[in-house]
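Q: Take this structure, written in structure tokens, and hold onto it; I'll ask about it next.
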Amino acid sequence: MATANNGELYLRALRATRKFVANIKPDQWRHDTPCTDWDLRTVLNHLVNENRWAAELFGGNTIANVGHWFDGDLLGDDPLKAYDDSVAAAAGQVGKPGAMIMLCDLSRGPTPGHAYAGELFLDALIHGWDIAKGSRQDATLDPALVRVLYDMVVPQVAELRASGMFGGDVPVAVNADTQTKLLALLGRRASWPR
């Protein structure tokens, strides 16, 4: 998932996901999501955590230095504000000149910024869908972002599945739309929860 504009794609996916976060009703936070064993609050906390980590790692910090800063609940009493603050922090670093060519200190070792941002783009967009589904919103994603991500995922689907972070193959009709095909590649059924 290595392209020079992955940072912008990640930030566009975060902005697209915000509308889903903003429309979660107060009584929905414990609703199930397509992420097995994760409710809405857990999915959003995961995204906030990733954004906070992105801000630090794109800012030149190391995993060892950050340590346990972002363990536990990061949402507090105002989940939307926590999300917005984390997006602003990530954008401040990801959008800097040179961010896509720098090496970020990931658990697998030094990783080019564009590769890391590609992973963050995938997570932000797909977890936006998870949040929309869990909160019973229209889960239609930005078609341009879906197309870009689909084209990025297809050549890497075996590697992504081997990571254990995505479910197995979900069969779809040959004439299914690109969003449905993308979700299926990542182990999700567009018709969830059915």
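Q: Look through segment 11-31, keep the residues that are among the basic types (Lys, Arg) and part of a helix (DSSP H, G or I), and return whichever of them is farthest from TYR83 (Cα to Cα).
A: So the first thing to find is which residues in segment 11-31 are among the basic types (Lys, Arg), and the list is 12, 15, 18-19, 25, 30.
Next, from what is left, pick out any that are part of a helix (DSSP H, G or I): 12, 15, 18-19.
Numbers: ARG12: 14, ARG15: 10, ARG18: 8, LYS19: 11 Å.
Within segment 11-31, the match that is farthest from TYR83 (Cα to Cα) is ARG12.
Q: Would you please name the residue that is surrounded by the fewest Cβ atoms within 10 Å (Cβ to Cβ), looking only at residues in segment 93-143 that are within 21 Å of ALA64 (Cα to Cα) and hydroxyl-bearing (Ser, Thr, Tyr)?
A: That would be SER107.
Q: Return the residues of segment 65-84 that are within 27 Å of MET102 (Cα to Cα) and free of Cβ contacts under 8 Å to residues at least 24 places away in the same chain; say none if nothing qualifies.
A: Result: ASN65, VAL66, GLY67, HIS68, TRP69, PHE70, ASP71.
Q: Of all residues in segment 151-186 being among the hydroxyl-bearing types (Ser, Thr, Tyr) and within 19 Å of CYS35 (Cα to Cα), which is farthest from the chain's Cα centre (by Cα)? Spell out how you get there, then give the answer.
A: Keep residues of segment 151-186 that are among the hydroxyl-bearing types (Ser, Thr, Tyr), which gives 163, 178, 180.
If we keep only those that are within 19 Å of CYS35 (Cα to Cα) too, we end up with 163, 180.
Working: SER163: 15, THR180: 17 Å.
So, considering only residues that are among the hydroxyl-bearing types (Ser, Thr, Tyr) and within 19 Å of CYS35 (Cα to Cα), the one farthest from the chain's Cα centre (by Cα) is THR180.
Q: Within the bounds of segment 32-40, is there any residue that is assigned to a helix (DSSP H, G or I) and either crowded, with 16+ Cβ neighbours inside 10 Å or among the small types (Gly, Ala, Ser) (or both)?
A: Within segment 32-40, the subset assigned to a helix (DSSP H, G or I) is 40.
Going one step further and asking which of them are either crowded, with 16+ Cβ neighbours inside 10 Å or among the small types (Gly, Ala, Ser) (or both), we end up with 40.
There is at least one residue in segment 32-40 that is assigned to a helix (DSSP H, G or I) and either crowded, with 16+ Cβ neighbours inside 10 Å or among the small types (Gly, Ala, Ser) (or both).
Q: Can I ask one more? Would you pick out the residues in segment 140-154 that are of a type in the set (A, V, I, L, M) and free of Cβ contacts under 8 Å to residues at least 12 places away in the same chain?
A: Within segment 140-154, ALA144 is the sole residue that qualifies.
All of the numbers you see were taken from the coordinates with simple rules; none came from a lab. These figures come from a predicted structure and were not determined experimentally. Every residue, glycine as well, gets a Cβ built from its backbone with ideal geometry; the counts of neighbours run over all protein chains shown.
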